[in-house]
Amino acid sequence: TDETLTWKNKVYLNVYMEDNDALTEEKRTEILKAIYSEDVTSYGGFNGWQGVVKRINSSYQVNNVPDGFQPVTISALADITIKTTVDEHVDDPKRAGVAVITSTVGGQIIDVVITLYKIDTQPTNVLSSVVRHEVGHALGLVHSDRFNDLMSDTLILNVKTISNHNLDVLYQLYQ
């Protein structure tokens, strides 16, 4: 779709993560870091989207970006649901994740379901990059034509963090 999708009037995005026996504690921790971390890398990138939205909200007095993410334990309260599976994506076995967004005609995001595939064999560093990428979609970001960008439609097999470019694009999206 060419329609711009954003969360309207959402202060916090509630995140629910489904349990899965195949999900190790290490991988679960990496998924959560990709969302909730506020850590900044040595070159100024972000390890998690929480740090990005907090930076936007502290740097720009007037903006419409949600203030942050919060975990919920009841799926019915979720804005974003994270599912994990050992299965491959049905149409594209190389695909490591997908975000399915439900929205209104006016472009308001209602909810997002992120599915992470091949969770049992996915290397941890790739998994965290995939989560960052899919949560970027959950916030309304589209694919980038920048080769080594987190939102590129092709995953480069290195650890991708959220860049200041991604922060700027997100801020502009919500203006």
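The values are calculated or read from the model by the stated rules, or taken from the named source; none is laboratory data. Nothing here was measured: the structure is a model prediction, and the numbers come from that model. Because the Cβ atoms are built from the backbone with ideal geometry, glycine has one as well, and the counts that use them run over all protein chains shown. Each accessible area value is taken on the protein alone, full model and side chains, heavy atoms only, with ligands, DNA and RNA left out. Shrake-Rupley method; radii C 1.70, N 1.55, O 1.52, S 1.80 Å.
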Requested in this report: Whenever you get a sec, line up Glu134, Glu3 from highest to lowest accessible area (probe 1.4 Å, protein heavy atoms).
Outcome: Glu3, Glu134
Requested in this report: Roll a 1.4 Å probe over the protein chains and send me the accessible area per residue for the chain in Å².
Outcome: 52 Å²
Requested in this report: On the full set of protein chains, 1.4 Å probe, figure out the accessible area of Arg55 and give it in Å² to the nearest 10.
Outcome: 90 Å²
Query raised in the report: How much accessible surface does Ser37 have with a 1.4 Å probe, in Å² rounded to 10?
Result: 20 Å²
Report task. Taking 7 Å along the Cα-to-C-beta vector as the label spot, tell me the Glu3-His89 distance in nanometres, rounded to one decimal. Result -> 2.2 nm
Report task. Could you estimate the translational diffusion coefficient of the chain from the Stokes-Einstein equation, with Rh from the Kirkwood formula over C-alpha pairs, at 10 °C and 1.306 mPa s, in whole µm²/s? Result -> 98 µm²/s
Requested in this report: Would you mind checking the pairs Lys54/Lys160; Lys27/Lys160; Lys8/Lys83; Lys8/Lys94; Lys94/Lys160; Lys33/Lys118 and listing those with alpha carbons more than 26 angstrom apart?
Outcome: Lys8/Lys94
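Please work out the Cα convex hull volume for region 1-92 and give it in Å³ per residue.
For region 1-92, the hull spanned by Cα atoms encloses 169 Å³ per residue.
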Query raised in the report: Pick from Val113, Val15, Val100: which residue has the top mean-square fluctuation in a GNM of the chain where Cα pairs under 10 Å get a spring?
Result: Val100
Requested in this report: Could you look at the chain and say what percent of its accessible area is carbon and sulfur, using a 1.4 Å probe and all protein chains?
Outcome: 48 percent
Query raised in the report: Angle, helix 164-173 long axis vs. longest principal axis of the chain, Cα atoms, 0 to 90°, nearest 10?
Result: 60 degrees
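Sort Glu38, Glu25 by heavy-atom solvent-accessible area, probe 1.4 angstrom, most to least.
Ranked list, largest accessible area first: Glu25, Glu38.
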Requested in this report: Ignoring everything but the protein chains, give the 1.4 Å probe accessible area of Lys118 in square angstrom, nearest 10.
Outcome: 50 Å²
